[in-house]
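These notes concern the structure reproduced below.
Coordinate-derived values only; no laboratory data. Every value quoted in this text rests on a predicted model; they were computed, and no experiment measured them. With ideal geometry, Cβ positions are generated from the backbone for all residues, glycine too; neighbour counts draw on all protein chains shown.
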Amino acid sequence: MLDLARQALQESAIREATLIAVYLPMHTATRLAAQLIPTLLQLNPRAHLCCYGLYAPMNAEYLRTLGVATILGGEFEDGLAHLAERLSHNGAANVTADSPYPEPLISLGRQEFIPPDRQGLPPLGKYAHVTLPSGEHRVVGYTEASRGCKHLCRHCPIVPVYQGVFRIVSREVVLEDVRRQVAAGARHITFGDPDFFNGVRHAVELLEAFHHEFPGITYDVIIKIEHLVKHQEHLSTLRDTGCLFVTSAVESFDDEVLARLDKGHTRADFLKIHRTFRDLGLVLQPTFVPFTPWTTLDSYCELLRVLRAGDLVENVAPVQLAIRLLIPAGSRLLELEEVRRLVAPFDSAGLVYPWRNPDPRVEELCEEIAEIVASGEKRKQARRAIFDRIWKAAHEGAGANAEFAAQPVLMSRAAVPYLSEPWYC
């Protein structure tokens with residue numbers, strides 16, 4: 001088992017393998033894998049090559065052109081184990097995509113999960129850490145209480161694979177996973193569920209058991225604004241069981257854009273939850289897709305104004321202000337005729353349908369904001385300082401007067417905890 005984000009490729013292991021399986025959980029991982037696969041095949045042309053994970057079936061046609069024999073998506077563990085067993089009996093040369101009883105491209109079958117075995121991976125301290133307002137750093141572990149999602153947001157990469165299905169990981173399996181990571185040094189746990197409140201009863205009971213067993217361990221979760229509104233009675237449970245912050249994919253403050261994305265919430269819903277979190281003493285970390293085909297200079301400036309007026313500058317990682325909408329293969333956005341009209345043919349190298357905003361000034365601003373964020377992060381500038389540069393660039397681009405554009409960013413009432421590697425899809 002190799003994590004190439006933290007470890008070098010072990011060529012000897014590759015040469016000896018009968019099966020090489022590459023995990024593709026995200027868009028970037030898939031693009032990196034496309035660069036890696038030729039090396040794997042050169043080192044071991046006899047091995048059976050498999051790609052598994054969320055982005056594998058979405059890009060199946062392209063991956064097969066690279067020489068990938070088996071592609072597994074959704075609940076892939078059973079298929080991966082079955083493939084390994086077939087290879088052990090029949091050999092790599094005799095197991096192809098056309099073999100009898102091939103593993104399904106996408107499986108949504110229920111599985112009996114077991115605690116993950118992370119032996120052989122780098123120590124947790126080599127991964128992301130969480131920084132507290134006091135400046136303390138905590139080693140972070142990762143687990144999942146559920147997979148998939150019962151919602152159908154048009155831009156979400158989970159939807160083409162899971163189609164509204166989600167699967168629960170049993171409480172004891174999750175707790176055992178946490179136990180092992182705490183024993184390995186974790187002092188904070190990230191729950192990576194696409195939406196932690198998809199199964200709200202399961203989630204709340206798990207948090208109560210988690211806090212009872214690990215009272216000194218903090219955690220963070222991802223929850224839709226729609227669910228935060230619907231399940232407000234459980235927000236105090238988050239606060240009382242050690243939740244440091246909640247990440248929520250707000251995406252936009254423009255109700256028309258939110259409707260196109262089929263997000264299930266409105267700008268007013270976000271503002272309501274923002275007030276509720278402040279009243280409860282919870283930290284909300286909103287994420288965004290600020291550059292879409294429908295973004296205008298005014299709407300981008302409005303996004304910044306809402307963040308500043310709501311004292312949310314510290315809560316938003318600068319990269320969130322530079323994200324550009326991705327339209328991958330199978331995206332529900334392609335259901336919209338206006339989207340089909342504006343996209344260019346599928347780009348296999350980028351794994352997206354390219355698009356451009358009808359206003360070239362927005363395209364220029366998108367590039368400028370990306371440069372501001374990249375340079376600011378490289379120089380380790382504070383979030384407020386990067387936001388100030390973004391604010392100035394956006395308002396100058398929109399033709400706002402210099403005095404307004406140069407207004408200082410308000411100081412946050414209190415610093416917020418955050419992960420050293422910002423979350424985004």
Length gain on complete extension for the stretch Thr131 to Ser420, per 0.36 nm per residue less the alpha carbon to alpha carbon distance? 103.3 nm
Can you work out ³J(HN,Hα) from phi for every residue in the range 104-112, in order, using Karplus 6.51 cos²θ - 1.76 cosθ + 1.60 and θ = phi - 60°, giving whole Hz and x for Gly and Pro? x, 4, 10, 10, 10, x, 6, 10, 8
Rounded to 5, percent antiparallel among DSSP beta bridges of the chain: 25 percent
Computed FRET efficiency, Cβ-Cβ of Leu336 and Ser12, R0 56 Å: what is it to the nearest 0.05? 0.65
Which helices, counted as full DSSP H runs in the chain, have an axial Cα extent of no less than 24 Å and a Kyte-Doolittle average of 0.0 or above? 27-43
Peptides 377-389, 319-331, 16-28 ordered by average Cβ neighbours within 10 Å, highest first: 319-331, 16-28, 377-389
For a quick protection proxy, order the peptides 156-169, 245-258 by their average other-Cβ count within 10 Å, most packed first. 245-258, 156-169
Suppose each label sits 7 Å from its Cα in the direction of the beta carbon; what would the Gln111-Leu2 distance come out to in nanometres? 2.3 nm
Calculate for the chain the 222 nm mean residue ellipticity that helices alone would give, adding -39,500 (n - 2.57) per DSSP H run of length 4 or more and normalising by residue count, nearest 500 deg cm²/dmol. -11500 deg cm²/dmol
When the range 11-107 is reduced to its Cα atoms, the Kirkwood hydrodynamic radius in Å: 13.3 Å
Hey, could you pull the Cα Rg and Dmax for the chain, both in Å? 22.4, 74
For the chain: lysine pairs under 17 Å (alpha-carbon distance), excluding those fewer than 8 apart on one chain: 8
Which of Pro123, Ala309, Val174, positive extreme of dipole for the chain (C-beta unit charges): Pro123
Taking amide H positions as placed 1.01 Å from N in the peptide plane, with prolines and chain starts having none, which residues 5 or more places from Ile189, or on another chain, fall under 5 Å of its amide H? Gly141, Thr218, Tyr219, Asp220
